[in-house]
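The values are calculated or read from the model by the stated rules, or taken from the named source; none is laboratory data. The structure presented is a predicted model; accordingly, all values stated were derived computationally and were not measured. Cβ atoms come from the backbone with ideal geometry, glycine included; neighbour counts cover every protein chain shown. All accessible areas refer to the heavy atoms of the entire protein, side chains included, with ligands and DNA or RNA removed. Shrake-Rupley method; radii C 1.70, N 1.55, O 1.52, S 1.80 Å.
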Amino acid sequence: MYDAVVLDKDGVLVGRTSFDTLREAAWDAFVSAGVEDPDLAHVDDVAVGVDPGTLSTICERYGLDPTEFWRIRDEVAAAAQIAAARSGQKTPYEDVDALRYLDASLGVVSSNQQETVDAVLDHFGLSGRFEVAYGREPSIASLSRKKPSPYYLERALDALDAETAIFVGDNESDIRAADNAGIDSAFIRRPHRRSTELTCHPTYEIDDLHDLVSICGRAPVDNSREA
């Protein structure tokens, strides 16, 4: 049915990073930039979901160069998430192995840092399952390219030479990115999304990645590799 399946990383392939970890990383970024006692509200703003305008306003408040501060913030946040994966705080979902049954090219698109995407997939031995894996570059411009923008998703579709594709995510921004790219979508109801009420309309709602196999078609599997 689809010649390409693209998946979000956090909340779909591996567990999400705790907000406390991201908040601590944001605090450390301020300290590294010379701000010893930042406003906690500004720390929270920088921890998750910041946009270029908010970042500029916060940096002006503390006399920081936005470009340099964001470079520091992304480096610290990436290191914290990679450490969480290596320490066992962030692990793959049990159904990730179902991906090998998909009869389609596979890709990853995340709003996380490219460094984080590459390191986490590599740490869990998942890199070889995907033909492409895109995350953000460490620049302010990348903040405007995050989902729901289709920027990175369209890059992945071009790289996969996909004519028909589906994007799997656990956030409304994933569904809207798929809509903006003109492809189908699947909203996966991981435990943290069981009761989420959507204001958009995914093509499918699934409970796990086994459901995705049912939708997309089953590929031949070499069982001798399980021996």
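Counting only residues that are within 28 Å of Cys59 (Cβ to Cβ) and out of contact with any Asp or Glu (no Cβ under 9 Å at 6 or more places or on another chain), which one in segment 10-21 is most open to solvent (accessible area, probe 1.4 Å)? Among those residues, the one meeting the criterion is Asp20. Condition check for Asp184 on (1) out of contact with any Lys or Arg (no Cβ under 6 Å at 6 or more places or on another chain); (2) acidic (Asp, Glu); (3) more than 17 Å from Cys216 (Cβ to Cβ): one failure, at (3). Of Thr57, Thr17, all but one fail to be among the polar types (S, T, N, Q) and part of a helix (DSSP H, G or I); the exception is Thr57. The set of residues in segment 97-136 that are open to solvent by less than 10 Å² (accessible area, probe 1.4 Å) and in a helix (DSSP H, G or I) comprises Ala98, Leu99, Thr116, Val117, Val120, Leu121. Of all residues in segment 64-90, those that are part of a loop (DSSP other than H, G, I, E, B) and of a type outside the set (Ser, Thr, Tyr) total 5.
Of everything in segment 137-186 that's among the acidic types (Asp, Glu) and open to solvent by less than 30 Å² (accessible area, probe 1.4 Å), which residue is farthest from Ala4 (Cα to Cα)? Even if it seems obvious, please write down each step before you answer.
Restricting attention to segment 137-186, the residues satisfying the condition of being among the acidic types (Asp, Glu) are 137, 154, 158, 161, 163, 170, 172, 174, 179, 184.
With the extra rule that they be open to solvent by less than 30 Å² (accessible area, probe 1.4 Å), the set shrinks to 170, 174.
Numbers: Asp170: 18, Asp174: 16 Å.
Filtering first and then ranking leaves Asp170.
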